[in-house]
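**Q** Quick one: this structure, given as structure tokens, is what I'll be asking you about.
Bear in mind that the values in this text are calculations on the coordinates, not laboratory data. From a predicted model like this one, the values you see are computed outputs, not experimental measurements. Here the Cβ positions follow ideal geometry from the backbone for every residue, glycine too, while neighbour counts run over all protein chains shown.
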Amino acid sequence: MYRVGVVGLGYVGLCTGAVLAKKLEVVGLDVDARKVKSLRKGMTAIPEKGLQQLLKWGLDSGRLSFTSDYNELAGSDFVFIAVGTPSLTSGEIDLRHVESSAASIGKAIRGSGWEPVIVMKSTVVPGTTDGVVTGLLETHSGKRVGKDFEVCSNPEFLREGSAIQDTLNPDRIVIGSRSRKGSRRLEAFWRAFYGRKAPLFVVTDNTTAELVKYSSNAFLATKISFINFISRIAEKFPGCDVNVVAKAMGLDPRIGPSFLEAGPGYGGSCFPKDLKALIAFSEALGLDPGMINSVDMVNETQPQHVLSLAEGTLGGLQGKRVAILGLAFKAGTSDVRESRSIVLARLFLSHGAELRVYDPRATDEARRFLGDSVAYTRSAMDCIRGSDVAVVMNAESEFRRLKPAEFLKHMRRATVLDTRRIYDPGRFSMVELFQLGRGVAKR
Ligand code: UGA
């Protein structure tokens, strides 16, 4: 049975480790001793479907263990590096955690007969695995890549909210390596793990693999910003609907239907950070990042656009009571990082509005960003009570279930701004319903 080490127990590391422990022996490492202590008891703050059960199963069966000591990784066939690469103010990524984990793994290899494959899962700009990680591993181990150990790049494509399912059913596996020996070992590992369910493999060099990750996220973000820009045009024409435009566009197999849902803009820990990193990286290469800049710019201005729609409807925002339904960057998660809701809430506050906010899972997280500046409520109904406009910012099922009569009954003025297109205008004819990307005649 393979033995695997996973360094960094955030979303990617923990979900990958927990899934691998279904079949293999896994040692998860994190420098945060408190996190390790909780994980040993089977506790995690990551609310992924199925994760809790996998953790329990892994711990009970003895297949999954947690540590903060790099020496406990020794003997692993593979060590996956899945530490965070947060943004610096310049937009570049902060490689501090990648560097320290590579150095620590190197030290654990030093003087041992251990010949692992070190696998980069963290999102890093092209050239990092060869230029930074490999050098640190060699320096600290005193050994040579390609001779004593291997280094591969294996970017991750899982999504928050469906991380376990995505890990169990990947649509492709991209493997970068400097040597055929490294990529063969990693490919054999994944083929053994997935068996007949193994997806397509793309085997390439480390830098290309790193570029695949940025290109995939940047392309998905481009689709979103593109349709968000088109939705601004559609809103200018009564009867025009961006959803119909997106549907018709998506029927062209060259375009495809996914990631064409207009909304308040993309958030989360990946797209905004990756786009900014790609911009900074392109500039450093002497390239004009104009194209990616535009994608970022549409996203940055989308909350302002939502605010203008609310302002136009209410005729000013000073003293108006605004309810924001949905704080997480998308439904099904408690993550508010780069959430457009947080940006929008701050914009409303700066325009003198009074704010009540609600999310079924993300209230505690949002409090860390919004503090006491807003009123947090315990239900959607409580949130909309007495308000002049309700702005729906994510597609939680609790919001989908709200009935027009409830808005009419509880709000001071029943105006609903649906940025996720979750309400049927036919059913909502009794309230003033405004939807992103749907032009309506001036009332
Ligand atoms: C994203 C990618 O989808 C994953 O493939 C990738 O592995 C991950 O980033 C990462 O790099 O770690 P995630 O951030 O979990 O995953 O979220 P998505 O489901 O992709 O949504 C991102 C944002 O785009 C959300 O705010 C969502 O509401 C928004 N979105 C998505 C739209 O506004 N419209 C769409 O049509 C789709």
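**Q** Be a star and scan the range 1-41 for residues whose amide nitrogen sits under 18 Å from the point 7 Å along the Cα-to-Cβ vector of GLN53.
**A** 15-24
**Q** Could you calculate the contour length gain from SER216 to ARG368, that is, 0.36 nm times the residue separation minus the distance between their Cα atoms, to one decimal place in nm? Could you put the intermediate results ahead of the total?
**A** Numbers: separation 152, 0.36 × 152 = 54.72 nm, distance 3.06 nm.
Going from the current span to full extension adds 51.7 nm.
**Q** Just going by the charge dipole of the chain, with Lys and Arg at +1 and Asp and Glu at -1 on Cβ, which of THR128, LEU211, ILE173 is farthest out on the positive end?
**A** Checked the options; the winner is ILE173.
**Q** Of SER387, LEU349, LEU436, which is farthest along the charge dipole of the range 335-443 in the positive direction, counting Lys and Arg as +1 and Asp and Glu as -1 at C-beta?
**A** LEU436
**Q** Okay, next question. Highest GNM mean-square fluctuation, the chain, Cα pairs closer than 10 Å: which of ILE233, ILE255, ILE118?
**A** Answer for the Gaussian network model of the chain: ILE255.
**Q** Hey, another quick one. To test your reading of the geometry: what angle, between 0 and 90 degrees and rounded to tens, separates the Cα axis of helix 180-194 from the longest principal axis of the chain?
**A** 60
**Q** DSSP loop trypsin sites (Lys or Arg not before Pro) in the range 371-409 with at most 10 other Cβ atoms within 10 Å of their Cβ, which ones? Provide the component values of the computation, followed by the final result.
**A** Details: sites: ARG378, ARG385, ARG400, ARG401, LYS409; in loops: ARG378, ARG385, ARG401.
When the trypsin sites (Lys or Arg not before Pro) of the range 371-409 are filtered for loop state and at most 10 Cβ neighbours within 10 Å, ARG378, ARG401 remain.
**Q** Diagonalise the Cα gyration tensor of the range 323-441 and give the resulting equivalent ellipsoid semi-axes, square root of 5 times each eigenvalue, largest first, whole Å. Mind dumping the intermediate values first?
**A** Values: eigenvalues 94, 44, 37 Å².
Working from the Cα gyration tensor, I get semi-axes of 22, 15, 14 Å.
**Q** What is the order of THR67, THR129, fewest Cβ neighbours within 10 Å to most? Before the final figure, lay out the partial values.
**A** On the way: THR67 17, THR129 28.
Fewest-to-most ranking of THR67, THR129: THR67, THR129.
**Q** List the relative contact order of the chain as a percent without decimals, with contacts defined as Cα pairs under 8 Å and 6+ residues apart. Don't skip to the end; give the middle numbers.
**A** Numbers: 889 pairs, mean separation 51.4, N = 443.
Computed over the chain, the figure is 12 percent.
**Q** Which percent, nearest 5, of DSSP beta bridges in the chain are antiparallel? It would help to have the intermediate numbers written out before the result.
**A** Details: 4 of 49 bridges.
So the antiparallel bridges amount to about 10 percent of the total.
**Q** With unit charges on the beta carbons (Lys and Arg positive, Asp and Glu negative) and the dipole taken about the Cα centre of the chain, which residue among LEU95, SER68, GLN53 sits farthest to the positive side?
**A** GLN53
**Q** Among the listed pairs LYS247/LYS320; LYS37/LYS147; LYS35/LYS143; LYS49/LYS181; LYS41/LYS197; LYS49/LYS197, which are separated by more than 28 Å between their Cα atoms?
**A** Working: LYS247/LYS320 36 Å; LYS37/LYS147 36 Å; LYS35/LYS143 32 Å; LYS49/LYS181 36 Å; LYS41/LYS197 32 Å; LYS49/LYS197 21 Å.
LYS247/LYS320; LYS37/LYS147; LYS35/LYS143; LYS49/LYS181; LYS41/LYS197, as the Cα separations exceed 28 Å there.
**Q** Shifting gears a bit: Specify the angular offset, from 0 to 90 degrees and rounded to the nearest 10, of the alpha carbon long axis of helix 11-20 from the longest principal axis of the alpha carbons in the chain.
**A** The two axes meet at around 60 degrees.
**Q** For the range 51-155, max minus min Cα coordinate along each principal axis, in Å, sorted largest first?
**A** 42, 37, 21
**Q** About the Cα centre, and with charges only on the beta carbon of Lys, Arg (+1) and Asp, Glu (-1), how big is the dipole of the chain? Nearest 20 debye, please. Mind showing how you got there, number by number?
**A** Values: 60 positive and 48 negative charges, 221 e Å.
For this selection, approximately 1060 debye.
**Q** Right, next: So what is Rg over Rh here for the range 130-270, counting just Cα atoms and using Kirkwood for Rh? Could you put the intermediate results ahead of the total?
**A** Details: Rg = 20.2 Å, Rh = 18.0 Å.
Radius of gyration relative to Kirkwood radius: 1.12.
**Q** Sticking with this one: What are the radius of gyration and Dmax of the range 1-103, computed over its Cα atoms and given in Å?
**A** Rg then Dmax for the range 1-103, in Å: 13.6, 45.
**Q** When 1/r is averaged over all different Cα pairs and the result inverted, which Kirkwood radius in Å belongs to the chain? Kindly include the intermediate steps, with their values, before the conclusion.
**A** Details: mean 1/r = 0.0426 Å⁻¹.
Evaluated over the chain, this radius sits at 23.5 Å.
**Q** Also, quick follow-up: For the range 206-218, take each phi angle, set θ = phi - 60°, evaluate the Karplus expression 6.51 cos²θ - 1.76 cosθ + 1.60, and give the result in whole Hz per residue in order, putting x for glycine and proline.
**A** With the stated coefficients, the range 206-218 comes to 4, 5, 5, 4, 5, 5, 4, 4, 5, 5, 5, 5, 5 Hz.
**Q** Relative to the longest principal Cα axis of the chain, at what angle does helix 340-350 sit, 0 to 90 degrees, rounded to 10?
**A** It works out to around 50 degrees.
**Q** State the extension gain, in nm to one decimal, for the chain segment bounded by LYS107 and ASP94, taking 0.36 nm per residue of separation less the distance between their alpha-carbons.
**A** Details: separation 13, 0.36 × 13 = 4.68 nm, distance 2.18 nm.
The span from LYS107 to ASP94 would gain 2.5 nm if fully extended.
**Q** Within the range 90-134, report the trypsin sites (Lys or Arg not before Pro) that DSSP leaves as loop and that have at most 16 other Cβ atoms within 10 Å. Walk me through the numbers on the way to the answer.
**A** On the way: sites: ARG96, LYS107, ARG110, LYS121; in loops: ARG110, LYS121.
Those that pass, being in a loop and sparsely packed, are ARG110.
**Q** If you don't mind, there's one more thing I want to ask. For every helix of n ≥ 4 consecutive DSSP H residues, a contribution of -39,500 (n - 2.57) applies; sum these over the chain, divide by its total residues, and give [θ] at 222 nm rounded to the nearest 500 deg cm²/dmol. It would help to have the intermediate numbers written out before the result.
**A** Values: 16 runs with 184 residues, N = 443.
Result for the chain: -12500 deg cm²/dmol, rounded to the nearest 500.
**Q** Along its principal axes, what span do the Cα atoms of the range 102-204 show, with the longest given first and each in whole Å?
**A** Here the Cα extents, ordered largest to smallest, are 39, 25, 22 Å.
**Q** Once each part is reduced to its C-alpha centroid, what is the distance from the range 192-223 to the range 334-366 in angstrom?
**A** Using only Cα atoms, the two centres lie 33 Å from each other.
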